[in-house]
Amino acid sequence: ALTDEEVITMEICGEYFKLATDKELVAYFRTHYAHFFPRLTERTLFVRQAANLWQVKAAIHQRLTHISGQAADPIQIIDTLPLPVCGYTRSSRDRCFKPWADYGHCAAKQLDYYGFKLGLRIARSGMILHFPLFPARPHDIRLLDDLVEGFAGLVPADKGFIDAFRQAGLEERHGVVVVTPPRKGMTTPHSPTLLKLCARLRKGVETVGSHLTERFAVARIRVHDLWHFQHRLIRKVLAHTVSVFLSLQLGRPPLDLDGLVTG
């Protein structure tokens, strides 16, 4: 059997190289890197071992956020990302993920879907620090407390998180200052300079969302139970985190994932 280190290495590299399924991943490594992984035999053994390592991968992610110093960033940006688990027309008869999955709507993408919402809280570098999984139905503002849990500082967010009462309570009780762009005709206690800064920082979380959707295919996880879904999600987030971590160590732009491996 493969060692745990070999399995996790294959998972991270496979995600980075856009190998969306375990079948593709194992076939790729058998074809190109069999000399590095001579004990790679049955795909089912790899899949089982990888799934059972989810806690190790979660711990590695947490460790990287701390040793890189990113977990201590006093400014952390939040957003949510739609995660469909099946076609909308199938959802009424789809028994997967019940009762956790739900119907939802993503206004930014004009998307009605059945599945989950992925919460994101990132450092200014783009490193993912917190990624709770929610049902798709609740409005973003109802997820705010969970997204900022354990943090005190400045939190740029989009208009979906506007709630003056809730924002004031978080600032008073926990020292969390949620800065959202004002709606038309709405007054704001924040200066134009701060609003402009936060608008620029929000582009970072949008870039991370694009990475997760396009390179790491988080919206195309096709499994039949929540445990395996969460395992695949942790794998993808860890691969993104390792990419950002390596870029920071090399003095590169942390969100330039394409340029991390060249040649």
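Before moving on, here are some points about what is shown:
- Net charge, residue 142 excluded, C-beta distance under 10 Å - Lys, Arg +1, Asp, Glu -1: -2
- Packing, as the average of other Cβ atoms within 10 Å across residues, places the peptides 187-194, 226-233 in the order 226-233, 187-194, highest first.
- Under a 5 Å amide H cut-off, with hydrogens placed 1.01 Å from N, residue 177 pairs with 153, 154, 155 among residues at least 5 apart or on other chains.
- Under 13 Å, Cβ to Cβ, from residue 129 - net charge with Lys/Arg +1 and Asp/Glu -1: 0
- Total formal charge among the other residues, if their Cβ is under 14 angstrom from that of residue 20, Lys/Arg +1 and Asp/Glu -1: +3
- Helical runs assigned H by DSSP (4 residues or longer) give the chain a calculated mean residue ellipticity at 222 nm of -13000 deg cm²/dmol, each run adding -39500 (n - 2.57) before division by the residue total.
- Listed options for mean projected area of the Cα convex hull in nm² are (i) 21.9; (ii) 14.2; (iii) 15.8. The value calculated from this structure is the one marked (iii).
- Theoretical FRET efficiency, 1/(1+(r/R0)^6), r = Cβ-Cβ of residue 190 and residue 252, R0 35 Å, to 0.05: 0.60
- The packing ranking, built from the mean of other Cβ atoms within 10 Å per residue, places the peptides 108-115, 8-15 in the order 8-15, 108-115, highest first.
- Database remark: amide H of residue 111 closer than 5 angstrom to the amide H of 106 (H placed geometrically; neighbours at sequence offset of 5 or more, or on other chains; Pro and chain starts carry no H).
- Over 31 Å between alpha carbons, listed pairs 23/98; 98/184; 18/184; 184/236; 23/203: 98/184; 18/184; 184/236; 23/203
- Taking the longest Cα principal axis of the chain as reference, the axis of helix 226-249 is set at about 80 degrees.
Every number in this text was worked out from the coordinates using simple rules, so none of it is lab data. Since the structure is predicted, the reported quantities are computational estimates derived from the model, not experimental observations. Cβ: placed from backbone, ideal geometry, glycine included. Neighbour counts: every protein chain shown.
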